[in-house]
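Notes follow the structure.
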């Protein structure tokens, strides 16, 4: 008796430990490693407290589940609230799973078995595009299955009626996850209740209702009618975790239900299986816990989307003007070999005052497209491309790409914010108010929308310095933008306002990237309008190289002159070239000492036809 008591206390301790360790571990990983706010950055979820918006989700099966997911996804705006939300959803899955397992088998053979489905879901959530509607639909389907299995109605009429009512409501709310509910209760009644007619009714109903609804009730494709929100493997998600998540519970019903029957009982009652699944020894419990954490660790190791995470982190940092963080993530996240990484890096270098000082310290193999995104990928990053034109003051082009973003991702707050600001700058206040009216119906952007509405009412930009700055930079007359010639756009901006520092630096550095040092020298007079305290280093490097190659001195020197350090470095650079008498032989030493200079770029990186 004493031993039994002791064992009972031990089991309670292990149960408390596991049921505390799992949610705590999930929260820590979602907060520190996965960074839950990046789900918001990737998906840009929209939720308007507005009846037409809500009503749009009532017109198809699965819409209400997507509405619920759209609301809950707003919690991803902050890392901590997103981590809390996912931890709560995982805890709900574990609780409902526990209740289901208790009904299937009096005692769970594996202490963490009810947490196992969350491990598969955890692996899937390493993809930041994984929709929350799959998770919420999974929770609702499991909850419906537990309610049905725990019901005490065994009469065929009452039980069939409960199924029809519960399935109909669940199908309308969740769509595809209702099939998971059907699979669980069908197998339960077939194996545990030993009924044949009811499972046949369940199967027929599950086939007929989506078919009927897509044909007569909702404007919905047949595939969507059956599988919406189910998270099927092959939809861009990892195959085996999605497969195991969908088939875990039907397989569990089969395993427990048939495990007590011959010939399965001979397998499940063998000493080997009983030893492994026993709850009664500390050793087997420790082994089970190790298996659980090995599975989660393996999932993180093999399915972590490191590049996707780095790109989203850069996008978040750029949107919130965390420019030094952009530089760090691009370097550490291996994004220097991507166009979007170099594009955001160069923006960050400008805003941290390093574009003309340190640009060539980073790989600039793309030439001008490293400043202005290559044409073949702009459609993938329309709002990010709009950001550059907005900052430059080329407002019409910023509007054009914001509309492109609107057509791709819809009425996201980020798109609406950009359009509202653009319309205000263009004095198109009626259009701006429409965007602000939508934003005022959100939880996150209501205050921002009200502040901008006040700007419109007063027609005074003083309370919004960025608008006041851009109002002085933007073009006041029509101009045809030539996407293939961004330097022409910059020239036009500078002709209107020669104090536009960003336009000037982008223009001058673009000329250097394209090897147009002669044109660069012709625009050096622009330095007097920007008022640099000292001549930017890359400007000095280009001037010295021009003087050496042409022997000319007939240009206006920069107001701040040339620094002695840069002159000495250039003399050393030339000395190394002369020492080897062969540019190829001098490459290694020059790369080590002067790989961050325009001289090295012009000599070894620049290609005339790039």
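Taken together, the values in this text are just the output of simple stated rules run on the coordinates, not laboratory data. Given the structure is predicted, the values throughout are model-derived calculations rather than measurements. Neighbour counts run over all protein chains shown; Cβ positions are idealised from the backbone, glycine included.
Once both labels are positioned 7 Å from their Cα atoms along Cα-to-Cβ, the gap between residue 103 and residue 21 label points is 2.9 nm.
What FRET efficiency, computed as 1/(1 + (r/R0)^6) with R0 = 60 Å and r the Cβ-Cβ distance, is obtained for residue 336 and residue 152, rounded to the nearest 0.05? The value I calculate is 0.40.
Over every Cα atom in the range 552-610, the radius of gyration and the widest Cα-Cα span, Dmax, amount to 13.4, 37 Å. Kindly give Rg over Rh for the range 395-474, based on alpha-carbon atoms, with the Kirkwood expression for the hydrodynamic radius. Ratio value, two decimals: 0.95.
Listing 134, 46 from fewest to most neighbouring C-beta atoms within 10 Å gives 46, 134. Compactness of the range 1-150 is given as radius of gyration and Dmax, 18.1, 66 Å, from Cα positions.
Computed extension length for residue 293-residue 458: 53.5 nm, one decimal, from 0.36 nm per residue of separation with the Cα-Cα distance subtracted.
Cα centroid separation, the range 122-167 to the range 515-594: 70 Å. Ranking of 347, 553 by neighbouring Cβ atoms within 10 Å, starting from the fewest: 553, 347. Each of 150, 507, 339, 598 was scored by other Cβ atoms within 10 Å of its Cβ. Arranged with the fewest first, they read 150, 339, 507, 598. Stretched out straight at 0.36 nm per residue, the stretch from residue 447 to residue 495 would grow longer than its current Cα-Cα span by 13.5 nm. Relative to its Kirkwood radius, the Cα radius of gyration of the chain gives an Rg/Rh of 1.10.
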